[in-house]
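Each reported figure results from applying straightforward, stated rules to the coordinates on display, with no laboratory input. Note that the structure is a prediction, hence the values are computed from the model and not measured. Positions of Cβ are backbone-derived with ideal geometry, glycine not excepted, and every protein chain shown enters the neighbour counts.
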Amino acid sequence: MGIGKVSSLAVASLAKVNSLVKLSVNKINAVAASFAAAFTDDNAVAKSISTGTAEAVYISDSDGSYTYDHNDACTVSFWVKVGWSTALNTSIHLFSSTDVGAASAWNDLYRIYYTEQNNRLNVQWGHSGSGRKQQFWYFHDSSGMSTAYNAAGLGTSYWSATNRGNTGDDDYTLITITRGTSNSAAPANLKLYWNATDCGTGYYASGGGSGTPSMGNNDKQIFLGSTSWAANYNKSGDSTATKFNGVTIWDKVLSSAEVTELYNSGEPMNVEDHSAYSDCAGWWNFESDGSNEIDGGPDFDQINGSSTVEAK
Amino acid sequence: MNYYIVTEEIFDTLTKENISFMHKSIDKTKRLIVTIDTVNDRVRKFNNINTCSNYTFTNHSDWVGDGSGIETWELEDTEYIPEIDD
């Protein structure tokens, strides 16, 4: 075989290899694009207004993958579509966490709850009645708490299914609480965002509560839409089920810009694309069940009774 | 602490700064209160926080809209603030 023949064969082989590589790259790109396009957000979890374990939505962590204490920086965020009425006249628990099997609230409690009777969104953590921190914002006073008033957009009426205030897509509101490391509910350490808007200083200028919380790192149970202790698992609202979507927990204080990014102009995002994703400890999107979108993290494996994953 | 149910009219005469908890009945005619003061003109007096809470569970339709009641932690933690709670 002459050199010319060898050269032409080599050129032909290289061209073949190139075309195969190109095909493979195109194929890889196509597969990657299909994964990127796989994020959907059609569903949410609806917490039944019926109460008790048999109706609860929760994680019962048993492997230590979700723990925190009183001075761990963290952010909790979730989309919520309010289902309660103006006649609720009591509290509804949106996010509540205690030690696994907690008999009382004071087993390393962290909770975010709304008291309909006075239109307050409350945050509280602690280990006892004399070791707790708390803060609240109210939304119906344009002069006394104007920042929260403007952020929520509820006007002078209270938060309910007939008055959801400022919402993103599909009547959902993104509620985000960021907490720093100082074991204080003072505004410098604790912030509330309604959608992407900082609600400003809470009621207690120096933080509310009593004593100094001292929480452990036992396995935690997290409940959506009810209390997380004893046998009642109540305070789930009235009228219609309240829906939750895009629940995330972060190992840091999200900045205002990062909350804005998470709000994503009102549309729940693929959190993998968030700039702080490496600090995301848990993400539950409730597309088909309560699976954690982060590998190895605990699932909302208990979605019980009339509580269901359903269309947003 | 003292635990009472009072009418709206009597509530208006009380010293608000001494009240640590206030919850209106569903029909808005009565108030369940926790106060350091002694109130003689009342609808009902409770011996302690537990009997007060239990009463609201038994009579929940008068006090809450979700079929539960007012729990003891709510009586302790939901601070009444006269300036913002009407």
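Below are the figures for this structure:
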{"read-out": "Length released on extending from A:Glu310 to A:Phe39, taking residue separation times 0.36 nm less the Cα-Cα span", "value": "95.9 nm"}
{"read-out": "When each of B:Lys24/B:Lys45; A:Lys47/B:Lys30; A:Lys191/A:Lys243; A:Lys47/A:Lys312; A:Lys81/A:Lys220; A:Lys47/B:Lys28 is checked by Cα-Cα distance, pairs over 20 Å", "value": "A:Lys47/B:Lys30; A:Lys191/A:Lys243; A:Lys81/A:Lys220; A:Lys47/B:Lys28"}
{"read-out": "Stokes-Einstein diffusion coefficient of chain B, Kirkwood radius over Cα pairs, 25 °C, 0.890 mPa s, in µm²/s", "value": "192"}
{"read-out": "Computed FRET value (nearest 0.05) for A:Ala205 with A:Asp72, which takes r as the C-beta separation and R₀ as 30 Å", "value": "0.80"}
{"read-out": "Helix axis angle, A:3-36 relative to chain A longest principal axis, alpha carbon, degrees", "value": "20"}
{"read-out": "Inter-part distance where region B:1-53 and region A:51-79 are each reduced to a Cα centre, Å", "value": "36"}
{"read-out": "For region A:156-193 versus region A:278-312, the gap between their alpha-carbon centres in whole angstrom", "value": "21"}
{"read-out": "Sequence-distant aspartates and glutamates (8 or more away, or on other chains) whose Cα lies within less than 12 Å of A:Lys252", "value": "A:Asp72, A:Asp279"}
{"read-out": "Approximate spin-label separation A:Ser278-A:Asn232, in nm, with each point projected 7 Å along Cα-to-Cβ", "value": "4.5"}
{"read-out": "Residues B:Glu71, B:Glu79, B:Glu8, sorted so that the one with the fewest Cβ neighbours within 10 Å comes first", "value": "B:Glu8, B:Glu79, B:Glu71"}
{"read-out": "Trypsin sites (Lys or Arg not before Pro) restricted to chain B and DSSP loop, no more than 10 other C-beta within 10 Å", "value": "B:Lys28"}
{"read-out": "The protein assembly as shown - Rg over Rh from alpha carbon coordinates, Kirkwood radius", "value": "1.13"}
{"read-out": "Convex hull volume per residue for region A:87-217, taking Cα atoms only, in Å³", "value": "120"}
{"read-out": "In nm, spacing of pseudo-spin labels at A:Asp289 and B:Lys45 (7 Å Cα→C-beta vector)", "value": "5.8"}
{"read-out": "Contact order relative to length of chain A, as percent, for alpha carbon pairs under 8 angstrom and 6 or more apart", "value": "30"}
{"read-out": "For B:Phe46, B:Phe57, A:Phe286, B:Phe21, order by how many other beta-carbon atoms lie within 10 Å, fewest first", "value": "B:Phe57, B:Phe46, B:Phe21, A:Phe286"}
